[in-house]
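Below: one structure, written as structure tokens.
Computed from the coordinates by the stated procedures, all read-outs in this text should not be read as laboratory data. Source: prediction; values computed, not measured. Please note: Cβ atoms are built from the backbone with ideal geometry, for glycine as well, and neighbour counts cover all protein chains shown.
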């Protein structure tokens with residue numbers, strides 16, 4: 001059992017001599033604390049003027065509310081939260097209250113971040129941007145509707161229609177023979193997968209065996225060559241190992257190219273083997289189309 005010996009001048013008051021147990025003194029201190037007395041009042045009532053002993057006597061007992069000093073920053077905290085809810089930034093709150101940003105951050109970090117307020121110029125720019133986006137969306141919708149309507153107008157193709165389309169397609173995109181550069185062979189190159197599909201369908205129509213068609217990819221060296229080769233092989237329905245060696249175009253870093261990204265797959269080159277006679281027939285077919293359009297001008301497409 002702990003005893004506290006009271007002697008004059010020992011820091012316990014010196015008002016009484018004798019021995020008092022710590023437990024009994026603590027019971028008195030706790031009882032007084034729970035009655036709402038302050039430390040000073042308990043100290044004077046029990047004649048205990050040693051702060052260490054007083055702390056031990058009152059250990060675990062909260063102070064009465066009336067003895068607590070108000071936090072000097074409580075008002076600032078409340079005001080900071082109010083300003084934050086009004087949409088002010090840390091800088092604006094600091095300018096208003098004169099306190100540090102670190103304190104402001106602690107006080108308002110649980111509140112939602114305010115939407116930045118725009119200047120008149122920024123508001124005008126934002127409004128203009130929204131207007132442009134609405135107009136752009138409307139134009140996109142008009143484009144899509146026009147394309148969809150036109151697409152439905154085509155319907156199915158007869159063999160004759162596909163034949164004429166294929167001839168025109170080759171004469172626009174295929175290799176052509178010149179008097180100064182004899183090129184009597186069928187060679188076709190294009191980057192549009194739809195064009196490639198139509199051209200192969202046309203070759204099927206005119207009886208060109210698939211075994212006579214050779215394929216090669218032409219693409220910039222900075223692109224994903226392997227992925228491009230596989231894409232074209234899947235499109236034409238052959239194994240990629242049957243493709244000839246890819247032609248790589250040297251990349252010029254000074255040139256700003258638009259054909260980049262995952263959708264860039266270069267061009268597919270198609271050759272038809274032993275095709276000199278086929279080329280001559282294609283040129284003749286084309287001249288026939290020209291003659292059918294304007295039969296009065298026989299010199300339009302010489303054979």
- Tilt, helix 225-236 to longest principal axis of the chain (alpha-carbon atoms), in degrees rounded to tens, equals 50 degrees
- Query: Rounded, prolate or oblate: which one fits the stretch 158-222, using the alpha carbon gyration tensor with axes a ≥ b ≥ c (rounded when a/c is under 1.5, else prolate when a/b beats b/c, else oblate)?
  - Reply: oblate
- Rounded to the nearest 500, the 222 nm mean residue ellipticity computed for the chain from DSSP H runs (n ≥ 4, each -39500 (n - 2.57)) alone is -15500 deg cm²/dmol
- Query: If you count, for each residue, the other Cβ atoms within 10 Å and average over each peptide, how do 154-161, 244-251 line up from highest to lowest?
  - Reply: 244-251, 154-161
- Query: Going by a ≥ b ≥ c, the root eigenvalues of the Cα gyration tensor, does the chain fall in the rounded group (a/c under 1.5), the prolate group (a/b larger than b/c) or the oblate group?
  - Reply: prolate
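When a/c reaches 1.5 or more, the comparison of a/b and b/c decides; with that in mind, is the stretch 159-293 rounded, prolate or oblate per its Cα gyration tensor?
Taking the square roots of the gyration eigenvalues as a ≥ b ≥ c, the stretch 159-293 is prolate.
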- Taking 7 Å along the Cα-to-C-beta vector as the label spot, tell me the residue 92-residue 131 distance in nanometres, rounded to one decimal. 2.6 nm
- Note on the structure: If one compares the long axis through the Cα atoms of helix 74-85 with the longest principal axis of the Cα atoms of the chain, the angle in degrees, nearest 10, works out at 20 degrees
- Message: Between the stretch 154-173 and the stretch 175-202, how far is it from one alpha carbon centroid to the other, in angstrom?
- Response: 14 Å
- Residue span residue 150 to residue 260: 0.36 nm per residue of separation minus Cα-Cα distance leaves a gain in nm of 36.7 nm
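Report the extension gain between residue 65 and residue 195 in nm, rounded to one decimal, defined as 0.36 nm multiplied by the number of residues separating them, less their alpha carbon distance.
38.2 nm
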- Among 37-45, 135-143, what's the highest-first ranking by average C-beta atoms within 10 angstrom per residue? 37-45, 135-143
- Message: What do you get for the angle between helix 22-34 and the principal long axis of the chain? Use alpha-carbon atoms, 0 to 90 degrees, nearest ten.
- Response: 70 degrees
